[in-house]
1. Cα atoms only, segment 4-76: Rg and Dmax in Å?
2. Ordered by packing density, taken as the mean number of other Cβ atoms within 10 Å over each peptide's residues, highest first, how do 18-29, 56-67 rank?
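Read-outs throughout are calculated quantities, based only on the coordinates presented, and are distinct from any laboratory measurement. Computed from a prediction, not measured in an experiment: that's the story for all the values here. Every residue, glycine as well, gets a Cβ built from its backbone with ideal geometry; the counts of neighbours run over all protein chains shown.
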Amino acid sequence: MSYSIVTTRHGWSVENAARERVSPVFATRGAAIEWAAKRIERTAPQDRSCLACQRPFRSAGIHDRLCPHCEHHQDDGLGDVQRPTIRSRA
Ligand SMILES: [Zn+2]
């Protein structure tokens, strides 16, 4: 079972391996990841796909859902291209 975090017109949501949307739409990517992680926790054993890059990696536990590479770049996991520009500029 693998999920992808995808952008939608209204925010972020989660798709399953069949490209069907399985979650509500979230305002932030983090919230979508959180939702997917919770679902994965219920179903997956220790080998998980990284939620950011989909690469399989050895998870240390249910809290561990990003591969070591992405964990280091959590603030900027998808790069500038997909970064939502919701921050307000005063
Ligand atoms: Zn990764």
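1. 11.7, 34
2. On the way: 18-29: 13.0, 56-67: 15.1.
Output ranking for 18-29, 56-67: 56-67, 18-29.
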